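**Q** Pasting in a structure now, in structure tokens, and then I'll have a few things to ask.
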Amino acid sequence: MVAALAGCHGGSGAPGAGPAPDAGLVASALPAEPASAQASAAPADAGALAAPDAAAPDAAAPDAAAPDAAALGAGCKLRRGPLALTLRGPALLWSPNEAERADFRVIFNRDGVAQHVVPSFGALTAPGPPPAEAAPDAGADSGDPARASWPACAVASRFVFCMDHGGTIRRTPLGGGEGPPIGAGRRGTGISAIALPGGHTLLAFLSDRKTSEGAVTQAFAVLDEGGAMPLSEEGSGATFVALAPWKGGAIAMYIDARSALTPVHARTLGLTAEGKLELGPDAVVFVGDAGESRMGGALAIGAGGPAYVLLPVAKDISAFGMAAIRVDEAPRDDMPAVWSLYPNGLSPAPIAATQGVSPIRVARVRPVSRDPGARHALELGQLDGEGRFHASCVAVEGKSFKHVAIEADRDGSLWIAYTTAAGTFIEQRAAGP
């Protein structure tokens, strides 16, 4: 990358190594309090901050009806939190009642074992910026929070999937108990799981396989407790994989980040009449510029509309941003991308999006300016019907972010969890301005 990407390596190292100690948060996020209180403090509300022009949708994007002012303000008024959690690491947001989708909990990965955390916010905040609170189990004297394992766990139906330090993935009942190993993944790489009709579960993960060209990391899928089925095509590698519910089955997306280019594949998955997993055709929906193994993405799906592959990647030699690739009936080769440019490049560039609710909400991390070493912003926004990103607000700024998660509850308010070098935080933002 050239000048526009000069600041892209200001982030963390390999996820599995854990973040280095670092304040990580804006000065205003850490109020002047005794040291014991600061140990569990979280960033203050930054919802009033406006996203800079550089993060607006690319001017070359197709015309589309933009959300009105009220819609753009949705999801930005801080309602509860932020709370500092007891563990620092990738967090899974999970609601015990899928129909209600309220009062989300956090699940951390502790070397392959799911550890549930119930945030204790107290009452809803009064109008105005709320004070930062500490979760009771954080403890004022807990100091540096313990580290959770990479990657984040995944939940599907009545089961939780977690990878241990050796790469073994287990499917364990959410209520507790033992679960069998159902996959041998590449250590520290992300996993994804969803529920399929009939109480089935589908897991996707990455694993190294020996080929005639040497060791290659590929994507695999597992139905329930069955054997692993190759998800990526022969000859294709994979550095990231994600699943989403899709038309009574599933859609899978995997990235094959390379030093010269970055193909993004997608395919549908379903169940045969005999209850076996069936793969649809593999499509290279998009080819991005050069990537690296830490590159991630997200699958975003509305309540009944199209799916979008979201990929933070270089647009060309001088521009970097989020590409939104729309998938309607089925994945097809060479789909057009709608771009929302960042002020500069960033690696890794955490991103997350909601699934199954409308409008589609996105949480993404981008630099705040073009300056090398610029601070990073956790920005919230939504996709319109053409896949254009409309920024709502900047939730918080920090030196770096390691992971981000987002969910929308039944009334439309947003829950976000994010990990910095200082810890992992959770907050709820209201549905209205």
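The values are calculated or read from the model by the stated rules, or taken from the named source; none is laboratory data. Here the structure is a predicted model, which means the values were calculated and not measured. In this analysis, Cβ positions are derived from the backbone assuming ideal geometry, glycine residues included, and neighbour counts consider all displayed protein chains.
**Q** Mind listing just one residue for me: the one in the range 186-216 that is over 19 Å from the mean Cα position of the chain (by Cα) and in contact (Cβ under 8 Å) with a residue 60 or more places away in the chain and, of those, surrounded by the most Cβ atoms within 10 Å (Cβ to Cβ)?
**A** Leu196
**Q** Here is a check on your reading of the model: is Arg361 modelled with pLDDT of 95 or more, surrounded by fewer than 23 Cβ atoms within 10 Å (Cβ to Cβ), touching a Gly at 6+ places or on another chain (Cβ under 7 Å) and at negative phi?
**A** Values: modelled with pLDDT of 95 or more: yes; surrounded by fewer than 23 Cβ atoms within 10 Å (Cβ to Cβ): no; touching a Gly at 6+ places or on another chain (Cβ under 7 Å): yes; at negative phi: yes.
It is false that Arg361 is modelled with pLDDT of 95 or more, surrounded by fewer than 23 Cβ atoms within 10 Å (Cβ to Cβ), touching a Gly at 6+ places or on another chain (Cβ under 7 Å) and at negative phi.
**Q** Continuing with the same structure: Would you mention how many residues in the range 398-426 are modelled with pLDDT under 95 and of a type in the set (Asp, Glu)?
**A** Looking only at that region, the number is 2.
**Q** Let me ask something else about it. Got a number for residues in the range 217-231 being touching a Leu at 6+ places or on another chain (Cβ under 9 Å) and part of a loop (DSSP other than H, G, I, E, B)?
**A** Total satisfying the criteria: 3.
**Q** Of everything in the range 406-433 that's under 15 Å from Ala84 (Cα atoms) and of a type in the set (Gly, Ala, Ser), which residue is surrounded by the most Cβ atoms within 10 Å (Cβ to Cβ)? Step through it out loud before you land on a result.
**A** Residues of the range 406-433 that are under 15 Å from Ala84 (Cα atoms), as a first pass: 415-428.
Narrowing further to those that are of a type in the set (Gly, Ala, Ser): 417, 421-423.
Values: Ala417: 27, Ala421: 19, Ala422: 25, Gly423: 25.
Restricting to residues being under 15 Å from Ala84 (Cα atoms) and of a type in the set (Gly, Ala, Ser), the top hit is Ala417.
**Q** May I pose another question? Quick one: count up the residues across the range 361-392 that are under 13 Å from Val338 (Cβ atoms) and β-branched (Val, Ile, Thr).
**A** Qualifying residue count, the range 361-392: 1.
**Q** Restricting attention to the range 358-391, and to residues there that are of a type in the set (D, E, K, R) and farther than 20 Å from Thr420 by Cβ, which single residue is farthest from the chain's Cα centre (by Cα)? Even if it seems obvious, please write down each step before you answer.
**A** Going residue by residue through the range 358-391, those that are of a type in the set (D, E, K, R) are 361, 364, 366, 370-371, 375, 379, 384, 386, 388.
Next, only the ones that are farther than 20 Å from Thr420 by Cβ stay: 361, 370, 384, 386, 388.
On the way: Arg361: 11, Arg370: 24, Asp384: 19, Glu386: 21, Arg388: 18 Å.
Looking at residues that are of a type in the set (D, E, K, R) and farther than 20 Å from Thr420 by Cβ, I get Arg370.
**Q** If I go through the range 278-301 residue by residue, how many of them are crowded, with 21+ Cβ neighbours inside 10 Å and not in a loop (DSSP other than H, G, I, E, B)?
**A** Total meeting the criteria: 7.
**Q** Quick test for you: out of Arg187, Arg170, pick the one residue that is closer than 17 Å to Asn109 by Cα and in contact with a helix residue (DSSP H, G or I) (Cβ under 8 Å, 6 or more places away or on another chain). Give the derivation first.
**A** Values: Arg170 fails: in contact with a helix residue (DSSP H, G or I) (Cβ under 8 Å, 6 or more places away or on another chain).
Only one candidate passes the filter, namely Arg187.
The rows are residues; the columns are (1) of a type in the set (Asp, Glu); (2) on the phi < 0 side of the Ramachandran plot; (3) without any contact (Cβ under 8 Å) to a residue 60 or more places away in the chain.
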site	(1), (2), (3)
Leu269	no, yes, no
Thr272	no, yes, yes
Ala298	no, yes, no
Pro312	no, yes, yes
Asp371	yes, yes, no
Arg375	no, yes, no
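**Q** Mind checking which residues of the range 351-372 are in contact with a Pro (Cβ under 9 Å, 6 or more places away or on another chain), within 18 Å of Ala244 (Cα to Cα) and part of a loop (DSSP other than H, G, I, E, B)? Outline the logic, then answer.
**A** At the first step, the residues of the range 351-372 found to be in contact with a Pro (Cβ under 9 Å, 6 or more places away or on another chain) are 351, 355-356, 359, 363-371.
Next, only the ones that are within 18 Å of Ala244 (Cα to Cα) stay: 351, 355-356, 359, 363.
Gly356, Pro359, listed by residue number.
**Q** Could you list, in sequence order, the residues of the range 247-269 that are part of a loop (DSSP other than H, G, I, E, B) and either buried (at least 22 other Cβ atoms within 10 Å of the Cβ) or among the polar types (S, T, N, Q) (or both)?
**A** Taking the range 247-269 and keeping what is part of a loop (DSSP other than H, G, I, E, B), we get 247-248, 256-261.
Residues satisfying the conditions are Asp256, Ala257, Ser259.
**Q** Tell me which of these Ser236 doesn't satisfy, since it passes every other one: (1) touching a residue at least 24 places away in the same chain (Cβ under 8 Å); (2) surrounded by 18 or more Cβ atoms within 10 Å (Cβ to Cβ).
**A** It fails just one condition, (2).
**Q** A further question on this structure: Might you let me know whether the range 306-325 holds any residue that is assigned to a loop (DSSP other than H, G, I, E, B), in contact with a strand residue (DSSP E or B) (Cβ under 6 Å, 6 or more places away or on another chain) and surrounded by fewer than 23 Cβ atoms within 10 Å (Cβ to Cβ)?
**A** Going residue by residue through the range 306-325, those that are assigned to a loop (DSSP other than H, G, I, E, B) are 306, 317-318.
Add one more test, that the residue is in contact with a strand residue (DSSP E or B) (Cβ under 6 Å, 6 or more places away or on another chain), and what stays is 306.
Of the ones still in play, those that are also surrounded by fewer than 23 Cβ atoms within 10 Å (Cβ to Cβ) are 306.
Yes, the conditions are met somewhere in the range 306-325.
**Q** Anything in the range 92-121 that is in a strand (DSSP E or B), without any contact (Cβ under 8 Å) to a residue 40 or more places away in the chain and of a type in the set (A, V, I, L, M, F, W, C)? List them, or say none.
**A** Passing the criteria: only Val117.
**Q** Tell me yes or no: at least one residue of the range 327-345 is modelled with pLDDT under 95, surrounded by 16 or more Cβ atoms within 10 Å (Cβ to Cβ) and of a type in the set (Gly, Ala, Ser).
**A** yes
**Q** Also, quick follow-up: Restricting attention to the range 143-185, which residues are surrounded by fewer than 22 Cβ atoms within 10 Å (Cβ to Cβ), at pLDDT 95 or above and assigned to a loop (DSSP other than H, G, I, E, B)?
**A** Selection gives Trp150, Asp164, His165, Gly166, Gly167.
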